[in-house]
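Please read the structure below before turning to the comments.
Just so you know, all these numbers are worked out from the coordinates, no wet-lab data involved. For clarity, every value in this text was computed on a predicted model and none was experimentally measured. Reconstructed Cβ throughout: ideal geometry from the backbone, glycine too, with neighbour counts over all protein chains shown.
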Amino acid sequence: MGSDAGFLDIDGARIYYEDRGAGDGVIMIHGFAMDTRIFDMQFERFAERFRVVRYDLRGFGKSDLPTGQYSTLDDLRIMMDRLGLEKACIIGLSLGGSLAVEFALTCPERVSGLVLAGSTLRGYPYSDAYVQEFLYYRKLARRQGIAVAQTEMLGNPLLRSIAKKPELFVHVKAMIRDYSGFHWLRHDPHRVFYPPAIERLGEIACPVQIIMGQHDVDDLRGVARRLVREIVHARYTVLPGVGHIVNMEAPERFSEIVLDFLDSLAARVCDDDSPSACAAVRQ
C-alpha cells in the first residue's frame with residue numbers, strides 16, 4: 001500500500017495533499033473553512049481498498065493563500081497529472097461538492113463518479129438568510145478580526161447538529177480556528193466557472209451519489225433536490241438524525257453508502273471492459 005504526503009507547486013502555490021492506498025482513484029474535497037481533517041473518519045478506511053487522495057484547497061489548511069488569479073479546477077487537474085492519477089471518483093463535501101460538479105463538467109474524462117454530500121451549487125437561488133449569514137462573518141472579520149468571525153461561525157446553522165455532539169464538534173472547532181480567514185478579508189481571485197453549473201447539470205454523464213443529512217439546512221436540501229432531478233444517473237440518500245457534516249455525524253452509514261457506490265463503479269468498469277480487466281478490478 002502506497003503512502004505519500006507533502007506539497008505540490010501548482011501555478012505559484014504550494015498545495016498540500018495526502019495520497020494513500022492502491023487501486024481505483026478516489027479524491028476527497030473538503031468544505032469551506034475546513035481542510036483535509038474533515039475526512040479523518042474515512043481516509044484510512046477507504047485507502048484499504050482504493051487509492052485515496054485528499055488535499056487542502058488554496059487558502060485552507062496547509063495550502064498557500066492565493067496571491068493572484070488561479071483556478072480551483074486547474075489545481076485539481078494538475079494535481080491529478082502530477083500524481084499520475086488518470087481518473088477518479090470525487091467525493092465533495094459542501095463547497096467541495098460544488099467544485100466536484102464543476103470539474104465533472106470541465107474534465108468529464110477524468111471523473112468516474114461523484115459523491116456529493118451536503119453539496120452547494122453555483123447559481124442556485126439561495127435564500128437571503130443563507131447568504132447574509134456568510135456576509136456577516138466577512139463584516140466581522142474586517143471590523144473585529146478573524147478570531148471573532150471564527151467564533152461566530154461556530155454558531156452557523158450548518159453546524160447546529162454536530163455542535164450537539166461535543167466529541168465531534170471539537171474537531172470542527174479546530175479546523176475553523178485554523179482557517180486563514182482569507183476569503184473574509186480579501187477578494188478571492190479564482191476564475192469563476194461560467195456559465196453557472198446549475199445550468200449544465202444535464203451534461204453530467206457519470207454516476208452520482210447524493211447524500212444529505214435529514215437536518216441539513218433548507219437551502220442545501222433544495223440543492224440536493226435540484227441535483228437529483230437534473231443529473232441523469234443520480235441516486236439520493238438521506239441520513240436520518242444528522243445535519244450538514246454527514247460524514248462525521250454518521251461515519252459508518254456514510255462509509256457504507258460511499259463504499260457501495262464505489263463498488264458499483266468498479267462493476268460498471270467490468271461491464272464495459274474485457275474479462276481480464278474485470279478480474280483486475282475485483283482484486
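Of Thr237, Thr72, the sequence from fewest to most neighbouring Cβ atoms within 10 angstrom is Thr237, Thr72.
If R0 is taken as 41 Å, the Cβ-Cβ distance between Ala147 and Glu48 corresponds to a FRET efficiency of 0.60. Residues Phe50, Phe7, arranged from fewest to most other Cβ atoms within 10 angstrom of their Cβ, appear as Phe7, Phe50.
For the pair Asp4 and Ala129, what calculated FRET efficiency results from E = 1/(1 + (r/R0)^6), where r is the Cβ-Cβ distance and R0 = 35 Å, to the nearest 0.05?
Numbers: r = 43 Å, r/R0 = 1.22.
Step by step, r from the Cβ atoms, then E = 0.25.
Between amide H atoms placed 1.01 Å from N, distances below 5 Å from Ser112 occur with Ala88, Cys89, Ile90, all of them 5 or more places distant or on a separate chain. Contact order, relative form, for the range 22-159: 21 percent (alpha carbon pairs under 8 Å, 6 or more residues apart, mean separation divided by residue count). Look at His215, His233, His187 and count the other Cβ atoms within 10 Å of each Cβ; fewest to most, that gives His187, His233, His215.
Expressed as a rounded percentage, what relative contact order does the chain have, with Cα pairs under 8 Å and six or more residues apart? 18 percent. Between the listed residues Phe46, Gly84, Asn247, the Cα displaced farthest toward the positive end of the dipole of the chain, a dipole computed from Cβ unit charges relative to the Cα centre, is found at Asn247.
For the pair Arg77 and Arg14 in one chain, pulling the backbone fully straight at 0.36 nm per residue adds 21.2 nm over the alpha carbon distance. Indicate the gyration tensor shape class of the range 201-268 (rounded, prolate or oblate), computed on the Cα atoms with a ≥ b ≥ c the square roots of the eigenvalues: a/c under 1.5 is rounded; otherwise a/b larger than b/c is prolate and the rest oblate. Note, shape of the range 201-268 comes out oblate.
Rounding to the nearest 20 debye, state how big the charge dipole of the range 63-193 is about its Cα centre with +1 on each Lys and Arg Cβ and -1 on each Asp and Glu Cβ.
Numbers: 16 positive and 13 negative charges, 87 e Å.
Charge dipole, the range 63-193, about its Cα centre: 420 debye, nearest 20.
Subtracting the Cα-Cα distance of Val238 and Lys139 from 0.36 nm times their residue separation leaves 32.2 nm of extension gain.
Here's the list of lysines a cross-link from Lys165 could span, going by alpha-carbon distance under 24 Å and ignoring same-chain residues fewer than 8 apart: Lys173. Post the alpha-carbon centroid distance, the range 101-155 to the range 32-59, in whole angstrom. About 18 Å separates the Cα centre of the range 101-155 from the one of the range 32-59.
Roughly how many debye, to the nearest 20, is the charge dipole of the range 136-191 about its Cα centre, given +1 on each Lys and Arg Cβ, -1 on each Asp and Glu Cβ, and no other charges?
180 debye
Shape of the range 1-61 from the C-alpha gyration tensor: oblate (a/c of 1.5 or more and a/b not above b/c, with a ≥ b ≥ c the square roots of its eigenvalues). Straight-distance candidates among the aspartates and glutamates for linking to Lys62, with alpha-carbon spacing under 12 Å and chain neighbours fewer than 8 residues away dropped: Glu18, Asp35, Asp178.
Between Gln214 and Asp263, the modelled label-to-label distance comes to 2.5 nm, taking each label 7 Å out from Cα in the direction of the beta carbon.
State whether the range 167-236 is rounded, prolate or oblate according to the following rule on the C-alpha gyration tensor (a ≥ b ≥ c being the square roots of its eigenvalues): a/c under 1.5 gives rounded; otherwise a/b larger than b/c gives prolate, and the remaining case gives oblate. Oblate.
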